[in-house]
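All remarks here apply to the structure that follows.
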C-alpha cells in the first residue's frame with residue numbers, strides 16, 4: 001500500500017476500511033469489544049422504547065381515572 005493521498009471519497013473510505021480490518025485482525029479482542037458495545041447500545045435503545053411505551057400506557061390510564069373523577073362518577077360504584 002502506498003502513502004499517496006486518495007483521489008476521491010471512495011478511495012478514502014476504502015483506505016479507512018482497510019486500516020480498520022488490519023487493526024481488527026491484529027487484535028481480535030478489540031473486535032469483541034466493538035461487538036459488545038453495539039449489542040449494549042441496541043439493548044439500551046430497546047429498553048428506552050419499552051419505557052416510553054409503558055409511560056404512554058400509564059399516562060392514558062391515569063388520564064381516564066382523572067376524567068372519571070372530574071365527571072363525578074368516581075372509581076367505585
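A short reminder: the numbers here are calculations on the coordinates, not readings from a lab. What you are looking at is a predicted structure, and each value in this text was computed from that prediction instead of being measured. As a convention, Cβ positions derive from the backbone with ideal geometry for all residues, glycine included, and neighbour counts pool all protein chains shown.
Before rounding to the nearest 500, sum -39500 (n - 2.57) across all DSSP H runs of length at least 4 in the chain and divide by the residue total; then give [θ] at 222 nm in deg cm²/dmol.
Numbers: 2 runs with 62 residues, N = 77.
Result for the chain: -29000 deg cm²/dmol, rounded to the nearest 500.
Nearest 0.05, what FRET efficiency do residue 48 and residue 16 give at R0 = 30 Å with Cβ-Cβ as r?
Working: r = 30 Å, r/R0 = 1.01.
Taking R0 as 30 Å, the efficiency between residue 48 and residue 16 is 0.50.
Any chance you could get the radius of gyration and Dmax over the Cα atoms of the chain, in Å?
26.8, 83
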